[in-house]
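The values are calculated or read from the model by the stated rules, or taken from the named source; none is laboratory data. Quick caveat, the model's predicted, so the values are computed rather than measured. Don't worry about glycine lacking a Cβ; one is built from the backbone with ideal geometry, like all the others, and counts go over all protein chains shown.
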Ligand code: TXA
Ligand code: MG
């Protein structure tokens with residue numbers, strides 16, 4: 001299959017190209033497009049055969065439901081049977097934006113979008129290209145992250161191309177995405193909202209609008225409960241080189257890297273700008289940024305970076321779990337082969 005790539009022309013993709021991509025969606029083809037979180041791999045959510053192509057291109061397990069992307073609150077309402085009161089202030093504050101609502105579904109969308117569940121995840125993305133594409137398509141668009149299943153989500157068109165060239169009909173190159181981690185998924189089927197996946201909107205931000213917000217017990221690593229978002233049970237976001245997560249102070253981190261190097265291991269380090277100077281001479285260090293927002297935005301690119309860098313192990317530092325730091329650490333724990341505590 002030929003993958004058509006539309007490139008950003010200056011700062012915007014022109015209408016004609018959006019229209020072309022939307023037409024492919026309407027014809028039942030799959031097209032990758034940028035959102036403010038990560039690139040999505042879209043198909044007409046009302047077309048079962050089109051949605052099946054997403055699962056095939058990604059190699060995604062059949063029991064993992066997809067998020068339906070819509071352009072407006074009115075369109076969101078068409079896909080669900082009920083919206084609890086606490087959702088309205090959340091929508092007011094965060095939609096369009098990186099927040100996905102799990103709500104009781106009607107049968108507007110194809111069955112395989114929901115993967116057998118009675119609920120559906122719905123999100124209004126805020127990226128101008130995503131919104132323009134959704135408006136032009138005029139239908140809800142089912143879209144998981146546009147990576148091969150199990151790999152880090154794509155934050156650049158080049159990541160999508162590397163994973164899916166030849167397997168999808170089109171790719172809109174809108175440059176680097178913003179947040180860099182996926183949307184927050186909240187279960188809105190109960191009395192109070194429950195975070196199933198931390199992401200672009202933080203728990204603190206949600207609580208400021210909706211009062212108490214819970215975290216799915218299945219998300220806490222020590223818990224035996226199954227995560228409620230089916231996707232969260234898989235090993236995820238994993239680079240092709242083993243990833244070690246290091247929890248400890250600078251001195252211990254540097255000593256650990258040194259010890260690994262002495263043992264003959266070629267090490268690639270992922271670290272914050274503040275840790276740049278602590279490692280032994282000659283260590284390959286890829287800096288993720290100075291603030292936790294910058295780190296979130298460049299994390300997936302960092303995880304992919306060492307694939308081409310001839311290292312045996314990646315060692316990444318841990319970050320404080322405040323704000324988007326919760327999502328950063330959730331993804332790092334899921335990607336890690338081992339967590340080292342000193
Ligand atoms: O930011 C994002 O959310 C990106 C962009 C493209 O919008 N999409 C994304 O989709 O991350 P995906 O498929 O990679 O992750 C969706 C997550 C999975 O963990 C899935 O199990 C969960 O949402 N999910 C979807 N529908 C659900 C439902 N009805 N009930 C519970 N969890 C659901
Ligand atoms: Mg994904």
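Structure data summary
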item	result
Of the criteria (1) surrounded by 22 or more Cβ atoms within 10 Å (Cβ to Cβ); (2) in a helix (DSSP H, G or I); (3) touching a strand residue (DSSP E or B) at 6+ places or on another chain (Cβ under 6 Å), which one residue 315 fails	(2)
Selected residue (criterion: nearest to the chain's Cα centre (by Cα)) from residues of region 100-121 that are more than 16 Å from ligand 2 (Cβ to nearest atom), buried (at least 21 other Cβ atoms within 10 Å of the Cβ) and assigned to a strand (DSSP E or B)	101
Enumeration of residues in region 148-173 that are surrounded by 24 or more Cβ atoms within 10 Å (Cβ to Cβ) and touching a strand residue (DSSP E or B) at 6+ places or on another chain (Cβ under 8 Å)	153, 154, 157, 160, 168, 171, 172
Flag for residue 24 being buried (at least 19 other Cβ atoms within 10 Å of the Cβ), closer than 29 Å to residue 190 by Cα and at pLDDT 95 or above	no
Test: residue in region 53-61 that is in contact (Cβ under 8 Å) with a residue 40 or more places away in the chain and over 30 Å from residue 7 (Cα atoms)	yes
Some residue of region 235-242 being closer than 22 Å to residue 184 by Cα, surrounded by fewer than 17 Cβ atoms within 10 Å (Cβ to Cβ) and within 16 Å of ligand 1 (Cβ to nearest atom)	yes
